[in-house]
Amino acid sequence: MVALVLASFLLPFLGGGLSLVLPSNWVKRSSQLIAGLAFVCTLFVLIDQAADRQSSTTEDLLVFSEERIVVFGVIIDKLSALIGLAVSLVGFLIVVYSAGYLSAENREHPEPDLKRRYYCFLLMFIGSMNGLVYSSTLIGLLWFFELTGVCSWALIGYYDDLKARKAALKAIITTQVASLGLYVSTAVLFSKSDTFQLSALADLDDDAKIVIFIGILIAAWGKSAQLPFHFWLPDAMTAPTPISAYLHAASMVKVGVYIFARCLISAGSVPTVIGTVGALMAVMTMIYGFLMYFPQKDLKRLLAYSTITQLSYIFLALSVSVFGSSLAFNGAVAHIFNHAFAKSLFFLVAGALSYAAGTKMLPSLKGVMSKMPLVGGSFLVATLAVTGVPPFNGFFSKFSILAGGFEAAESDPWLIVLMLMAVVETIGSFAWLFWVFGSAVPGEPSSEVAASTPLAPQIQFVLVVLVCLTLVSGYWAMVWLG
């Protein structure tokens, strides 16, 4: 299984290099093949892990021989196996979608010529995410944390105009400033334990854990676009829509919550001050993100703020788990998994509208269902899944998060206030996104929608697959996590 884990992140790096030198007519297909192989590797890892879900395998791969300092290793457990599958599956679907989206037929952003750097950095992004998910050391997490930043910078700035370059620069500067917290955490862990292994967190005293987890939270807030580092994410919508989907659903913004979750597991008990700080910041960000829904006219920017609030739910649940709720923790992990598919679908619906109608501006979108039934149906499913309506995947993880929060509030009553605020946000998000759906999808087509062109087969395929995944992934995640 270790060989498959290595292949899951080394193959995409190899594929990224090949995309720069292969003949142009091979690049799209070879990129799809490499991304597909990476997904198959993570699928076999998950199947093997399913045989004994309580097992956890750690393999040290890069060790300083004399001091036996482990610099890099991999860990295979139910957390890494589940999230690794989501990262690679969504990555594969994004590569397939991109082959249709980045073409001369795209009405908003025609792409008559192949740009190799797109597939190079996208494959490297997939490899970096897989490497981060399976890393067993804090310095390994830090290394891949930085690589995802470089890849996102290149992809956000893909269109290479002034707006794109500014957005890419803002993203990398903001996340790099926040990453200083992870550097401090890595240094403190090594100074206290003479190792970079995450398992050493369990042996530290509470003072050291507080310092390390504050650093982790700062880095996580930056990468996952939480207050006060949230401002880079809406501007990152200048990227091609497939990149926005991967960035918001399974990669860049999930780095922060995944690192926090991984370190919580490794540390065992964590001082409740970390849970308090994390929960308060999560609810503040949740309310801010919700209020920013209202002025948005661009569907992608609306979805960007939706991503900020959905990540706040994950931070809230992980923070609440510090107070002893395993249900909240499992709900957070399930939401990482479920949100990957639901939000990918939502963004790729926006991409389909851009491709076929030439716009993703909400005032110009009317009658999508009658002209483009697949896109309209996918819009409906994405709305239901993201807002947590049964039987779609978001319901199961959101219910677990809220139930876990109220469970923890039995011993810490002040948490009830935060959980009630989360419930209000959930209802508000449902109402607003359904208002958006009602304004854009039913009725007579607008002139832009009426003039829409057929979707590329790759776009249609990916939308159908993601619709199916939003129906089944919620059940699978909750069974997997127990």
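Just so it is clear, none of the values below were taken in a lab; they were calculated from the coordinates. Fair warning: this is a prediction, and the values are worked out from it, not measured in the lab. Neighbour counts are summed over all protein chains in view; Cβ atoms, including those assigned to glycine, are modelled from backbone coordinates with ideal geometry.
Okay, here's what the table says:
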| read-out | value |
| --- | --- |
| For region 18-154, alpha-carbon Rg over 2.2 N^0.38 Å | 1.22 |
| Per DSSP, loop GluC sites (Glu not before Pro) in region 1-100 with at most 11 further Cβ within 10 Å | GLU66, GLU67 |
| C-alpha long axis of helix 24-50 to longest principal axis of the chain, angle in ° | 40 |
| Nonlocal amide H pairs with ILE69, under 5 Å, H built at 1.01 Å | PHE64 |
| Dipole magnitude (debye, nearest 20) for region 271-482, charges at Cβ of Lys, Arg, Asp, Glu | 540 |
| Loop GluC sites (Glu not before Pro), region 377-482, which have at most 14 other Cβ atoms in a 10 Å radius of their Cβ (DSSP) | GLU410 |
| Alpha carbon centroid spacing (whole Å) that separates region 1-41 from region 353-390 | 32 |
| Residues HIS109, HIS335, HIS230, sorted so that the one with the fewest Cβ neighbours within 10 Å comes first | HIS109, HIS230, HIS335 |
| Net charge dipole size for region 84-222 [Lys, Arg +1 and Asp, Glu -1 on Cβ; Debye, nearest 20] | 420 |
| Value at 222 nm in deg cm²/dmol, rounded to 500, when DSSP H runs of n ≥ 4 in the chain each add -39,500 (n - 2.57) | -25000 deg cm²/dmol |
| Fewest-first sequence of VAL45, VAL63, VAL87, VAL188 by Cβ atoms within 10 Å of each Cβ | VAL63, VAL188, VAL45, VAL87 |
| Square roots of 5 times each gyration tensor eigenvalue, C-alpha, region 271-482, largest first, Å | 34, 18, 12 |
| Amide H partners (placed H, <5 Å) of SER251, local residues excluded | none |
| Isotropically averaged projected area of region 214-289, using the convex hull of Cα atoms (one quarter of hull area), nm² | 5.1 |
| Inter-part distance where region 259-332 and region 152-180 are each reduced to a Cα centre, Å | 23 |
| Spacing of the two label points (7 Å from each Cα toward its C-beta) at ILE416 and GLU108, in nm | 4.5 |
| Percent RCO, i.e. relative contact order, over the chain, from Cα pairs under 8 Å lying at least 6 residues apart | 15 |
| Shape category assigned to region 367-482 from the gyration tensor of Cα positions, a/c cut at 1.5 | oblate |
| Cα long-axis angle, helix 299-321 against the chain (0 to 90 degrees, to the nearest 10) | 20 |
| Cβ charges +1 (Lys, Arg) and -1 (Asp, Glu), total dipole of the chain, debye | 1320 |
| Interchain or long-range residues, amide H under 5 Å from SER135's placed H | ILE75 |
| 0 to 90° range, to nearest 10: angle between helix 415-440 axis and the chain longest Cα axis | 20 |
| 17 Å Cα-Cα reach of LYS209 towards lysines, excluding residues that sit fewer than 8 places from it in its own chain | LYS192 |
| Rounded, prolate or oblate (a/c below 1.5 giving rounded, otherwise prolate when a/b exceeds b/c) for the chain by Cα gyration tensor | oblate |
| Dipole-positive endmost among THR175, ALA50, VAL381 within the chain (Cβ charges, Cα centre) | VAL381 |
| Exposure proxy order (Cβ contacts within 10 Å, fewest to most) of CYS151, CYS120 | CYS120, CYS151 |
| Charge-dipole axis of the chain as Lys and Arg at +1 and Asp and Glu at -1 on Cβ define it, positive-most pick from TYR475, PHE92, GLY268 | PHE92 |
| Dipole of the chain [Lys/Arg +1, Asp/Glu -1 at C-beta], most positive-end residue of SER411, HIS335, LEU18 | LEU18 |
